[in-house]
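Peer 1: Have a look at this one.
The values are calculated or read from the model by the stated rules, or taken from the named source; none is laboratory data. Here the structure is a predicted model, which means the values were calculated and not measured. Glycine gets a Cβ as well: all are built from the backbone with ideal geometry, and neighbour counts include every protein chain shown.
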Amino acid sequence: MSTLQKSIHPDEKYKAGKLGKKLSGAGLAIALLFLGLSIILTLVSGTANSGHESKWSRFFHAYVIGWSYIFTLSVGMLWLILLHYLVRGRWITAIKRIIEAMATAMPIVFIAGLGFIIPLLAGYKDLYYWAHPDAAHDHHLAFKLGWLSPEFFAIRYVIYGVGFSALAAYFAKKSRQQDETGDPKISETLRIVSAPAMIVYSVLTCMVGFDVLMSIAPKWFSTIYGVSFWGSGCVGAFAALALLVLGIQRTGRLTHSVNAEHYHDIGKWMFAFTFFWAYTAFSQFMLQWYGNMPEETHWYKYRMFGEWQWVSIAILVGYFAFPFVFLLSRWTKRIVPSLVFFAVWQLVFHWLDLYWNVMPSYDWTVTYHDGARLVAGPLQGNPELHHVGFSPVDITVWIGLVGVWLAGVGRGLTGNLIPTKDPTLPLSLAHEVQ
Amino acid sequence: MANAHDDHHDHAHDEPAVYPDGELYGVLAEFDTPGELIDAARKVRDAGYTEFDAYSPFPVHGIDEAMGIKRTILPLIVFGGGLTGLIGGVFLQWWMNAYNWPWNIAGKPAWSIPANVPIAFEATILFSVLTTFFGMWILNKLPQVWHPFFRSDRFAKVTDDAFVLGIEAKDRRFDHAATTKLLKDAGAIAIEDVHLEGDPRRKQMPKWITAFIVASTAFALIPFAIAAKARNSHSSEPHIHIFPDMDFQPKYKSDTAMDLFPDGRSNRGAIGGTVARGSLNADDVFYRGIERSESGGAWTTGFPKQLEINDALVKRGQNRYNIYCSACHGFDGRGSGAVPLRVAAGGGAWQARNLVEPGGASVMMPNGQLFNTISNGFNTMMGYANQIPHADRWAIVLYVRALQRSQNAALEDVPADHRGSLR
Amino acid sequence: MSATTTAEGAPGTEHHEESAKAREAFRAVTRDVAWVAEAPKPHKAWLGALGIALIMLGIGVVSIYHLVTTGIGVWGNSNTVGWAWDITNFVWWIGIGHAGTLISAVLFLTRQTWRVSINRAAEAMTIFAVMCALLFPLLHTGRPWFAWWMLPHPNDMGMWPQFRSPLMWDVFAVSTYGLTSILFWYMGLVPDLATFRDRFAAKGDKVRAIIYGLFALGWRGSARNWHRYERAYLILAGLATPLVFSVHSVVSFDFATSQLPGWHTTIFPPYFVAGAIFSGFAMVLTLMLPLRHLFNLQHLIKESHIEAMCKILLATGMMVGLAYGTELFIAWYSGNLYEKFAFANRALGPFWWSYWAMVSCNVLIPQFFWSKKIRTSPVIIFVLCIFVNIGMWFERFVIIATSLARSFLPSNWSYFTPTIWDVGLFIGTLGLFFTMFLLFFRYVPVIAIAEVKGAMPEAHAGGNKDKH
């Protein structure tokens, strides 16, 4: 509740200089290396499996996971910007440029997503089962194939891409303008715009969850899915923010402006979203488990039995219980090595969570007692016979896409890394957590 | 060190001071702003004092550090409380629902972890909240409704607008003159000594408070006394009836006395020879499989006349047989159904009767006896009278006969024009 | 008191005006809050409102008497709509309580300092709303004097509560919530009760000084005490935040764990929480706007605070709207015929009027709050908030009544009409709520004096600030 104010330290280095370019370069290198590796791995891999005709199916499944991952990192930070203006926040001002850089990676994220949208449009049928010709004969699916058609899906994808990119770009651009003009009215304008922007944001984010991830298992549905997807994404986004801010401080920049108080708040948000995600995930699971209706429980059946149950337990313990207990303490959030540990930890588990959301749907076969196999679509047959079937591509595609995202973030790290003329900056610099 | 006899009547009061002030308790110094209070607190702390405290109408930001207050261990205590709540909440549910009285609800396992999460969570919160609340007061040594500083009128303004620093005389470094000077130098706008009560009568707790405590304690014991009495005594008096019209309804319960009827009972039994509607079942062949004659009864060897023996009845029999009988006797009647197989898989040896064994008991039984076995059971086989209507039981008898025939068939039984298809 | 003064106004020359002003500002806060309780005669409008509230409470007492002595058959729900008005009212009241916890805990954690002017009253509202809410399930049991059977206790029958039932979760969630709210509220009150104690003692009103003094637990405003107090406050806020989420989530589980179309949907927990906050803020405004005017608290409960609450109403209203939309979309997307029917039936079936009342009050009415002009006109806000209260009541009614009146079996289909006793009890709880609130307003510090002072710029005045 402090109203103390501070001005930028005279020795502060807050010019980005070549930082952004370097990060973009590194990101691009990672992307080329790992996506190239993934393509080679797929090319040299054996034949198609798990009921897919094309051996690229694993690659594309991993691609959807990786894409969702980098999307959530940006979308979480876009939310933080909107919230910042909406509630007249102040503590993030000192690191706002970094947050903006993460959010403005949005166009790059959506360009990267074309990697699975274009094949889908070109008739690739081994990723989303609703794009498979068999789906038309399934009366559980036939009625919604108008919604889940590659064309309409792609149209919606473009809407999401344009919507999120425009929101992020608008807020970043206006905020940069303030650096030049110092006009406090810009904050006021952004505050007014942030309210309708938040509405657009909420609708689009939920829809991305429904479209990109939920429709991987097209017969399954859950109204909370979009919210849960967003909550999990924000865990990852805040973890990534902590690491990025630290990385930038390691280059000697922002060393005076950003301190344990800011890390404490980033840690608090990461903690809060860890809890929020657990809350939504539990609500979804418990209600479907309790209702015990086959059209809903089949999704969990393949995650509670067979090999996947171990992944489920790992997520419960690793993504919720362990970080929750330790992040309760203020010290784990204020001491840098500890915060780094938990940020990296949550970033890994955020990926595992998305993996767990997508990959159980990878196996499209039903195996009969006599060994006969039939292609029947995702989540069919005996769950004991569904394997995690880990593939190195799962990891390499993910890292490659993170590289793409870092390249996008680097684009935004230019000029001043502190919004020098933001009226809330003095408050943010003097920020203190109770 | 200051003591009670230090200050005699060296100050004049308008009101008659019958007793001198008691021992010096401490010194209060008032400051103008929260910032000055912080600075003063730092100076006092730097001077080595430990028994001092700052008093303010609201928590002053930064004073903790200035006074050198150690971080409270309250969060740790709360963590312990929360953990106790969590474990307690889980244990409560496991013991009550899964161990002490397992009970099937909606097919959910007795030990249903997802369904136990909400209460485990609430118990965690409840215990954490209770430890926070009570832990905070206990650590603060409150409630303590009286404190010597309350004797100062200046101190009463702390809850309004005053920023006061108090140093207690019990501090090792306390020296009246030096301490006062220190506070003055720190910028106090007013300094004041606070003494303990000197009037021996007023040192005592007022009698009415003692009386109130005794009375309320006694009053609080009444429920326990009543409960203790109720547990150790018997009474033939009825319950207290809150709703007499619910407890005493104008109706007769079964097997009670009633004056209206000559037998004095409230029950009215059935009139002799009454048969419930639809339960007469006079046809012995159809309902019991017995042919009655002058000399007694014998199992019927035919079928009841109301049944038409045809293909449809055999099919019906097959259908019922496969549902009710095949689990033990097997689809072919040889006694190797799913149940014996399962017993065998478990290492046991139990065989259902082979219904089709040539010359076996089942083959030799008259139809009526087969019917009776289905109806009333045999050895470990239970009766199926409740599950299978009479006509269906006869259909099963017919099908069993067909099974016996087919399972023991010879070449001659195959119609001549079909024999060629056999190998 | 007979304390000795050895030095008075020692550095007197340095008495700058600034600090005098700051102290006057602190005193003004105390005075402005305390006068409500100190006024020798209550305000006429207050007396009038209390009279009306007591009459409503009387209606409630009569309704409860008739209900308990006759049986719950006197309500209109002796058909398949067995949860009709009572559970609607239960959920509505619980929801209203949520704003208090949100203001005291969530806004505290997110450092929204404007909360200090209203948190005390909002927390009081929480407690009274929970009391009203608890009446309904209690009476719906039919034999409220056996309510203690719901709590686990060793007994002659060897019976234990059935913990797999969401209704049992409610017992734990709501009672934990009620207890936490009371403790949290009381803890916040203690320093202010000490202020009252000292004021009444100074005035010579011994009886009140003793009463307030007992409840103030001997609070001295010591820095060592404040330190632990602030920690405890932060911890309680941290505990109350997940608690407030859990309570309405558990209430939503009552519905969502079933398979009934329109009830079984996973968005219910966050959607109920958002709706609860929405209705709660509407109720806070409904109560505070007239009382703020009546007791001249405009400079403590500022226009900007009212505006902030209007914005929260707008935001939560949109969340509720988003949930309505999601439900409709998934009802279609799921391909479940029963779900589709349930939602079509809500909008077009026999209860269509309640559905459209809900949509217009909860989604359309808050849209007015986009306008700053409306956000700053108390009368219009008051009217709009009453609409929101009505809309949120209808939301629960729509969920409960339309789904129960059209469950899977057509033989279960029915229509619900409330009886006079349904209405009477509802009016009674309103009466209880307003009575409690009016009494609170007169006798308890209605604004968190210490917190308001701590949030004032003067609280950081003086001294060498940049020492640490």
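Peer 1: Regarding residue C:170, is this residue more than 7 Å from chain B (Cβ to nearest Cβ), outside any loop (DSSP other than H, G, I, E, B) and charged (D, E, K, R)? Reasoning before the result, please.
Peer 2: On the way: more than 7 Å from chain B (Cβ to nearest Cβ): yes; outside any loop (DSSP other than H, G, I, E, B): yes; charged (D, E, K, R): yes.
In short, yes.
Peer 1: Out of curiosity, is residue A:248 away from every other protein chain (no Cβ under 13 Å), touching a helix residue (DSSP H, G or I) at 6+ places or on another chain (Cβ under 8 Å) and touching a residue at least 24 places away in the same chain (Cβ under 8 Å)?
Peer 2: Spelling it out, residue A:248 is indeed away from every other protein chain (no Cβ under 13 Å), touching a helix residue (DSSP H, G or I) at 6+ places or on another chain (Cβ under 8 Å) and touching a residue at least 24 places away in the same chain (Cβ under 8 Å).
Peer 1: Which condition breaks for residue C:160 when tested against (1) out of contact with any His (no Cβ under 6 Å at 6 or more places or on another chain); (2) away from chain B (no Cβ under 11 Å); (3) hydrophobic (A, V, I, L, M, F, W, C)?
Peer 2: Checking residue C:160 against (1) out of contact with any His (no Cβ under 6 Å at 6 or more places or on another chain); (2) away from chain B (no Cβ under 11 Å); (3) hydrophobic (A, V, I, L, M, F, W, C), the one that fails is (2).
Peer 1: Of all residues in the range C:267-296, which are in contact with an Asp or Glu (Cβ under 7 Å, 6 or more places away or on another chain) and either surrounded by fewer than 24 Cβ atoms within 10 Å (Cβ to Cβ) or not in a helix (DSSP H, G or I) (or both)?
Peer 2: Residue satisfying the conditions is C:267 alone.
Peer 1: Further question on the same structure: Given the options B:79, B:91, B:58, name the one that is at the interface with another protein chain (Cβ under 9 Å from one of its Cβ atoms), out of contact with any Phe, Trp or Tyr (no Cβ under 9 Å at 6 or more places or on another chain) and at pLDDT 90 or above.
Peer 2: Values: B:91 fails: at the interface with another protein chain (Cβ under 9 Å from one of its Cβ atoms); B:58 fails: out of contact with any Phe, Trp or Tyr (no Cβ under 9 Å at 6 or more places or on another chain).
The unique qualifying residue is B:79.
Peer 1: Suppose we filter the range B:1-26 for residues that are at the interface with chain C (Cβ under 8 Å from one of its Cβ atoms) and modelled with pLDDT of 80 or more; how many remain?
Peer 2: Adding up the residues that qualify gives 0.
Peer 1: Moving to a separate point now. Only one of C:420, C:400, C:449 is more than 19 Å from the chain's Cα centre (by Cα) and within 14 Å of chain B (Cβ to nearest Cβ). Can you tell me which?
Peer 2: C:449
Peer 1: With respect to the numbered conditions (1) away from chain B (no Cβ under 14 Å); (2) of a type outside the set (A, V, I, L, M, F, W, C); (3) within 27 Å of the chain's Cα centre (by Cα), which one is the sole condition not fulfilled by residue C:411?
Peer 2: (3)
Peer 1: Sticking with this one: Return the residues of the range C:214-258 that are more than 9 Å from chain B (Cβ to nearest Cβ) and of a type in the set (Asp, Glu); say none if nothing qualifies.
Peer 2: C:254
Peer 1: Looking at residue C:300 and the list (1) within 14 Å of chain A (Cβ to nearest Cβ); (2) not in a helix (DSSP H, G or I), which single condition is not satisfied?
Peer 2: Here residue C:300 meets the rest and fails (1).
Peer 1: Cβ-Cβ below 7 Å, separation at least six or inter-chain, first residue in the range A:178-201 and free of Cβ contacts under 8 Å to residues at least 24 places away in the same chain, second in a helix (DSSP H, G or I): which pairs?
Peer 2: Within 7 Å, the pairs are A:186/A:174; A:186/A:177; A:186/A:178; A:189/A:174; A:199/C:318.
Peer 1: So which residues in the range A:353-371 are of a type outside the set (D, E, K, R) and buried (at least 17 other Cβ atoms within 10 Å of the Cβ), if there are any at all?
Peer 2: A:354, A:355, A:356, A:357, A:358, A:359, A:360, A:361, A:362, A:364, A:365
Peer 1: Further question on the same structure: Quick check on residue B:145: is it at the interface with another protein chain (Cβ under 7 Å from one of its Cβ atoms), outside any helix (DSSP H, G or I) and either closer than 15 Å to residue C:190 by Cα or at pLDDT 90 or above (or both)?
Peer 2: Answer is yes for this residue.
Peer 1: Out of all the residues in the range C:401-411, is one or more polar (S, T, N, Q), assigned to a helix (DSSP H, G or I), surrounded by fewer than 24 Cβ atoms within 10 Å (Cβ to Cβ) and free of Cβ contacts under 8 Å to residues at least 12 places away in the same chain?
Peer 2: yes
Peer 1: In contact with a strand residue (DSSP E or B) (Cβ under 7 Å, 6 or more places away or on another chain), at the interface with chain C (Cβ under 9 Å from one of its Cβ atoms) and within 30 Å of residue C:177 (Cβ to Cβ): does that describe residue B:115?
Peer 2: Here the answer is yes, as residue B:115 does meet what is asked.
Peer 1: Here's a follow-up. Looking at the range A:321-337 only, could you name the residues that are away from chain B (no Cβ under 12 Å) and assigned to a helix (DSSP H, G or I)?
Peer 2: A:322, A:323, A:327, A:332, A:333, A:334, A:336, A:337
Peer 1: Here is a further query. Quick one: is residue B:141 of a type in the set (D, E, K, R), surrounded by fewer than 15 Cβ atoms within 10 Å (Cβ to Cβ), under 54 Å from the mean Cα position of the chain (by Cα) and outside the structural domain of residue B:30 (by TED's automatic domain parsing)?
Peer 2: Details: of a type in the set (D, E, K, R): yes; surrounded by fewer than 15 Cβ atoms within 10 Å (Cβ to Cβ): yes; under 54 Å from the mean Cα position of the chain (by Cα): yes; outside the structural domain of residue B:30 (by TED's automatic domain parsing): no.
No: the conditions fail for residue B:141.
Peer 1: Of everything in the range A:353-375 that's of a type outside the set (Asp, Glu) and assigned to a loop (DSSP other than H, G, I, E, B), which residue is nearest to residue A:278 (Cα to Cα)?
Peer 2: Out of the qualifying residues, it is A:362.
Here's the yes/no breakdown for (1) surrounded by fewer than 24 Cβ atoms within 10 Å (Cβ to Cβ); (2) within 24 Å of residue C:401 (Cα to Cα); (3) in contact with a Ser or Thr (Cβ under 6 Å, 6 or more places away or on another chain); (4) β-branched (Val, Ile, Thr):
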position	(1), (2), (3), (4)
C:82	yes, yes, no, no
C:97	no, yes, yes, no
C:101	no, no, yes, yes
C:112	yes, no, no, no
C:121	no, no, no, no
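Peer 1: Residue under question is residue C:7, and the condition is that it be within 30 Å of residue B:180 (Cα to Cα), surrounded by 15 or more Cβ atoms within 10 Å (Cβ to Cβ), at pLDDT below 90 and not acidic (Asp, Glu); does it hold?
Peer 2: Yes; evaluated as a whole, the condition is true for this residue.
Peer 1: Here's a follow-up. In the range B:94-126, what residues are surrounded by 23 or more Cβ atoms within 10 Å (Cβ to Cβ) and either closer than 20 Å to residue A:278 by Cα or at pLDDT 95 or above (or both)?
Peer 2: B:115, B:118, B:119, B:121, B:122, B:123, B:124, B:125, B:126, listed by residue number.
Peer 1: Please go through the range C:115-151 and pick out each residue that is part of a helix (DSSP H, G or I) and among the charged types (D, E, K, R).
Peer 2: C:115, C:120, C:123
Peer 1: Taking the range A:272-295 on its own, how many of its residues are over 21 Å from the mean Cα position of the chain (by Cα) and more than 9 Å from every other protein chain (Cβ to nearest Cβ)?
Peer 2: Number of matching residues: 1.
Peer 1: Regarding residue A:298, is this residue surrounded by 20 or more Cβ atoms within 10 Å (Cβ to Cβ) and away from chain C (no Cβ under 12 Å)?
Peer 2: Criteria not met by residue A:298.
Peer 1: Counting only residues that are crowded, with 19+ Cβ neighbours inside 10 Å, give me the helices (runs of 4 or more DSSP H) lying completely in the range A:105-206 with at least 2 of them.
Peer 2: Qualifying helices (runs of 4 or more DSSP H): A:106-121, A:150-181.
Peer 1: Look through the range B:194-207, keep the residues that are in a helix (DSSP H, G or I) and more than 11 Å from chain C (Cβ to nearest Cβ), and return whichever of them is nearest to the chain's Cα centre (by Cα).
Peer 2: If we take residues in the range B:194-207 being in a helix (DSSP H, G or I) and more than 11 Å from chain C (Cβ to nearest Cβ), then B:207 is nearest to the chain's Cα centre (by Cα).
Peer 1: From the set of residues in the range B:148-193 that are more than 9 Å from chain C (Cβ to nearest Cβ) and in a helix (DSSP H, G or I), which is farthest from residue C:231 (Cα to Cα)?
Peer 2: In this case the residue turns out to be B:177.
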